[in-house]
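Chemist: Below is one structure. I have some questions about it.
What follows draws every value from the coordinates through simple rules; no lab data is involved. On a predicted model such as this, the values are computed, not experimentally measured, just so you know. Quick reminder, even Gly has a Cβ in these numbers, built from the backbone with ideal geometry, and neighbours come from all protein chains shown.
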Amino acid sequence: MGELVTISEADYKDYPGAKILINRVQALERDQELRAQIRAVFGNRHLWFLCLTISLIICQLIGTSSAFTASFSYWIFLYGLFYGSYWPPIEEIFNQNGVDLYDLGTYYATGDPKRLLLVAKWDHRVVGTLAFRESSDDKTVKLWRMFVDPEFRRKGIASLLIDILVKVAKARVFKKIQLRTHGSNRHGIACYLKNGFELAGESIFSRILHIEYSVIEMELDLAIVTKSENHPN
Ligand SMILES: CC(C)(COP(=O)(O)OP(=O)(O)OC[C@H]1O[C@@H](n2cnc3c(N)ncnc32)[C@H](O)[C@@H]1OP(=O)(O)O)[C@@H](O)C(=O)NCCC(=O)NCCS
């Protein structure tokens, strides 16, 4: 498979396929995350206990003890906590920074060295994407759009894309590549660690009781990559 996949900078022929892949994988990831977080919150016995207690207090206050009212208020509480405060900041992370997707060509094909979109193609079909864009620091670029078609995973495509992206970043004399990903994205984090990135920070984005949702920051120091390439031992 590896030798049948080609990696190149995206051109106008690749933009439609790249956009479809990014939207499709991003929607899949969002749905998976939503299901995982629903399981974490609705299946949590501390929250279950808290909401049921509040529901029973309300039943006492309004002078009813029916099981129906208690369970109805319980679901309203839990639903309100989840969709009212816990999930919206997470959903926002999935929706933010979509500026390049309006028109990939206008965003990436500007000749700006701080922007790059790579595509992995198998038989003319776009099966992977990876990009970087500018950051607040002139010598640093931000990695994003790391998406591989589910049918083509665990075949080294993401690693190939990262390898080429790092080479281009070094050739354009950037010093660092930074990225952010969901703390729950075990596969993505494993992939970045395997390709030389290091953990640089973690921030909590959403929380109910002890259930926390974090965003991980990672970075690759290009000077160190160069050094280890020069002195592999
Ligand atoms: C994360 C992702 C890009 C990996 O793509 P890939 O082409 O399958 O990755 P590779 O085959 O190059 O794997 C490189 C390493 O990553 C790790 N890895 C990747 N997928 C993994 C999985 N499902 N389980 C465990 N480790 C995994 C492994 O260490 C792997 O090395 P190995 O195969 O030698 O064990 C892909 O799963 C994906 O598109 N996920 C959804 C989007 C996403 O999470 N993007 C990244 C964060 S923004």
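Chemist: Test K155 against the criterion of being more than 15 Å from the ligand (Cβ to nearest atom), on the phi < 0 side of the Ramachandran plot and surrounded by fewer than 21 Cβ atoms within 10 Å (Cβ to Cβ), and give yes or no.
Modeler: no
Chemist: Restricting attention to region 161-181, does a residue exist that is over 20 Å from L116 (Cα atoms) and not aliphatic (A, V, I, L, M)?
Modeler: No.
Chemist: Among L160, L165, which is more than 8 Å from the ligand (Cβ to nearest atom), over 15 Å from the mean Cα position of the chain (by Cα) and either of a type in the set (F, W, Y) or surrounded by 18 or more Cβ atoms within 10 Å (Cβ to Cβ) (or both)?
Modeler: Step by step, each of L160, L165 is checked, and only L165 is more than 8 Å from the ligand (Cβ to nearest atom), over 15 Å from the mean Cα position of the chain (by Cα) and either of a type in the set (F, W, Y) or surrounded by 18 or more Cβ atoms within 10 Å (Cβ to Cβ) (or both).
One line per residue, one yes/no per condition, for (1) surrounded by 15 or more Cβ atoms within 10 Å (Cβ to Cβ); (2) out of contact with any strand residue (DSSP E or B) (no Cβ under 9 Å at 6 or more places or on another chain); (3) among the polar types (S, T, N, Q):
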{"position": "T6", "(1), (2), (3)": "no, no, yes"}
{"position": "A18", "(1), (2), (3)": "yes, no, no"}
{"position": "L21", "(1), (2), (3)": "yes, no, no"}
{"position": "N44", "(1), (2), (3)": "yes, no, yes"}
{"position": "W48", "(1), (2), (3)": "no, yes, no"}
{"position": "L56", "(1), (2), (3)": "yes, yes, no"}
{"position": "Q60", "(1), (2), (3)": "no, yes, yes"}
{"position": "F77", "(1), (2), (3)": "yes, yes, no"}
{"position": "L81", "(1), (2), (3)": "yes, no, no"}
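Chemist: So which of D123, D112, D103 ends up being surrounded by 12 or more Cβ atoms within 10 Å (Cβ to Cβ) and within 27 Å of I164 (Cα to Cα)?
Modeler: D103
Chemist: Read through the list (1) more than 22 Å from N95 (Cβ to Cβ); (2) over 19 Å from the mean Cα position of the chain (by Cα), then give the number of the only condition that L199 fails.
Modeler: All conditions pass for L199, except number (2).
Chemist: Restricting the search to region 105-149, which residues are among the aromatic types (F, W, Y) and within 16 Å of the ligand (Cβ to nearest atom)?
Modeler: Answer for region 105-149, where residues must be among the aromatic types (F, W, Y) and within 16 Å of the ligand (Cβ to nearest atom): W122, F132, W144, F147.
Chemist: If S203 meets every condition in (1) more than 11 Å from the ligand (Cβ to nearest atom); (2) surrounded by 13 or more Cβ atoms within 10 Å (Cβ to Cβ); (3) outside any helix (DSSP H, G or I) apart from one, which number is that one?
Modeler: Here S203 meets the rest and fails (2).
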